[in-house]
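Only one structure is covered here, and it is reproduced in the block below.
The values are calculated or read from the model by the stated rules, or taken from the named source; none is laboratory data. Being a predicted model, the structure only gives us computed values, none of them experimental. Because the Cβ atoms are built from the backbone with ideal geometry, glycine has one as well, and the counts that use them run over all protein chains shown. What goes into the accessible areas is simple: the full protein's heavy atoms, side chains included, and nothing from ligands, DNA or RNA. Shrake-Rupley method; radii C 1.70, N 1.55, O 1.52, S 1.80 Å.
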Amino acid sequence: MMDENNTQSAFCLRSDTMAFRPISWLGNAISRLIPARYIFAILGAISFAILYGLKVNLSVAIVVMVNHTSQQTDSSDIIASYCPKTDSDSSTEDGPFKWDESLQGLILSSYYWGYLISQLPAARISEKFSAKWVLFTAVVLNIISTLLTPVAAESEHALMFLRCVEGIGGGFSFPAMHVMLSKWAPVEERTVLSSIAYAGAALGTVLSLLFAGLIAKWQSWEAVFYWMGGLAVVWCILWVWLVEDDSIKQRYITDKERKLIQNSLGDTSESHKTPPVPWKKIWTSVPFLVILVSHVCNNFCWYILLTELPKYMKQVLYFDMEQNSLISSIPYLTLWLFSTVLSKCLDIGRTKKFISTTIARKIATFFASIVPAACLLAVARAGCESTDVIVAMSVAITAMGGMYSGVLTNHIDIASNYAGTLIGITNTIATVPGIIVPIVIGEVTHTNQTPEQWGIIFYTIMGILLFEAVIYLFFGSGEEQSWNKLDDRPSDPDISSEPELTKEQQCA
């Protein structure tokens, strides 16, 4: 026994000596200042900021990439918007590409072709192997594709291929993050940590819409992709260094925080094999089917606001690139702030037993459906009143932040053991609106860029959101489902209920 203790002590001394390197010291210092679970959530938010920023930058850049004059010359039957033009609008320059509305819709929707096929494979890989590296791969694929975009733009097919690759990477993100949240977020903080991570998408949209427009105007459209793709490399270094799949593997974490997470979640280590997916029970579960329907409905509105708003502001209301970028980006900042405040309020309500998890999810979904529906009605009736349109759109986008505390967190509530698979299923099917929306809008507005024509789109999305609200408010649930419980899993009496720590962690 004495020899074993001496050996252990010697190991710790050697490990401490070897571990005293600047990078290890800095990592430990950071973990003492900021809890590891919040470092994970913040870097997760930055990953979504990168992924969404690189997704929407083309929606902004395409406005100056396209030669609009050639389209007007080639199509004499186009009905232009009758809204008054601003003086600054005349300064907009034409781009080199003669892409009509239909082709622009195909290029923008090609992202979702890859996004559609990658969800479920990413979910199972994340659950069985490593969600950390799945999310890392997602960002790397987007960085490479973004840096190659200026060259690929010379060929529509090459550009669509790269956008499809970006979509594959983007499809990895939600399943990987859901799996990591199920292992990192204590039940009492699940709404907050989920909202921090997923609200990064709004932050990335803000920065991309704002700076893509400014870079395109003051430098070039090519610089948009070089700047954004290059800066994202910094995140890759931080993610590999500071984050692991769960608190057991985490190098930079205090014992107190590790115990807090494990006491809330139980053993999230790999001592238990990933359970088989109960496919039949999933597809016959009413709470899951409600999440699926709500996710699809929500995405119809989300993709309209995310990818088509810059086009509407430019072609109908005649805002120039700088105005367009600023007006389109600000609401995503308020979305980020709103989602953070809402998630904290809901978690406080749950912790103090004022509301149940089900009520919390329904409140969040109410904000993400009823409020945007009312705003789209206002936009459809506003016509050329640009101030009314801007206010209504801003409120709609802000209220959409409720989805991070509602539908997008609900998978973990009902079945944390299969969270990656569930988000993979719903996000796969909810990707269909991302494919349909740009193509349909391209066809509907191809020769008619009037507020009335766009009103058809706004009324349709409003109806979809109202349908989502009714379904979710009546049938949604935040309670754990019976098929998520693993009580029938064979247990090993020799395995301690306490998670086994590595020698390095024992020495900490």
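Listed by position, the helices (runs of 4 or more DSSP H) enclosed by the stretch 311-427 that each have at least 1 residues that are over 30 Å from Trp99 (Cα atoms), over 20 Å from the mean Cα position of the chain (by Cα) and not β-branched (Val, Ile, Thr) are 321-351, 357-382, 386-399. A search for C-beta distances below 9 Å between a residue of the stretch 249-264 that is surrounded by fewer than 18 Cβ atoms within 10 Å (Cβ to Cβ) and any residue that is assigned to a helix (DSSP H, G or I) and of a type in the set (Val, Ile, Thr), counting only pairs 6+ apart in sequence or on different chains, returns Ser264/Val187. Of the residues making up the stretch 143-197, those that are open to solvent by less than 30 Å² (accessible area, probe 1.4 Å) and of a type in the set (S, T, N, Q) are Ser145, Thr146, Thr149, Ser173, Ser182, Thr191, Ser194, Ser195. Is it true that some residue in the stretch 148-160 is within 28 Å of Ser102 (Cα to Cα) and under 19 Å from the mean Cα position of the chain (by Cα)? No, there is no match, as no residue in the stretch 148-160 is within 28 Å of Ser102 (Cα to Cα) and under 19 Å from the mean Cα position of the chain (by Cα).
Quick one: is Ile414 over 30 Å from Met313 (Cβ atoms) and at pLDDT 90 or above? So Ile414 passes the test.
For the stretch 428-463, filtering for residues that are assigned to a helix (DSSP H, G or I) and under 21 Å from the mean Cα position of the chain (by Cα) leaves 10. Could you tell me whether the stretch 335-349 includes any residue that is in contact with a Leu (Cβ under 6 Å, 6 or more places away or on another chain), modelled with pLDDT under 95 and open to solvent by 50 Å² or more (accessible area, probe 1.4 Å)? For the stretch 335-349, residues in contact with a Leu (Cβ under 6 Å, 6 or more places away or on another chain), modelled with pLDDT under 95 and open to solvent by 50 Å² or more (accessible area, probe 1.4 Å): present. Scanning the stretch 215-226 for residues that are surrounded by fewer than 17 Cβ atoms within 10 Å (Cβ to Cβ) and part of a helix (DSSP H, G or I), we see that the one that is nearest to the chain's Cα centre (by Cα) is Tyr226.
When Arg37, Arg21 are checked against the criterion of being modelled with pLDDT of 70 or more and open to solvent by 20 Å² or more (accessible area, probe 1.4 Å), Arg37 stands alone in meeting it. Would you pick out the residues in the stretch 61-101 that are assigned to a helix (DSSP H, G or I) and either surrounded by fewer than 14 Cβ atoms within 10 Å (Cβ to Cβ) or modelled with pLDDT of 80 or more (or both)? If the condition is that a residue be assigned to a helix (DSSP H, G or I) and either surrounded by fewer than 14 Cβ atoms within 10 Å (Cβ to Cβ) or modelled with pLDDT of 80 or more (or both), then Ala61, Ile62, Val64, Met65, Thr69, Gln72, Thr73, Asp74, Asp87, Ser88, Ser90, Ser91 are the ones that fit. Checking each residue in the stretch 140-190 for being under 21 Å from Phe129 (Cα atoms) and among the aromatic types (Phe, Trp, Tyr) picks out Phe172, Phe174, Trp184.
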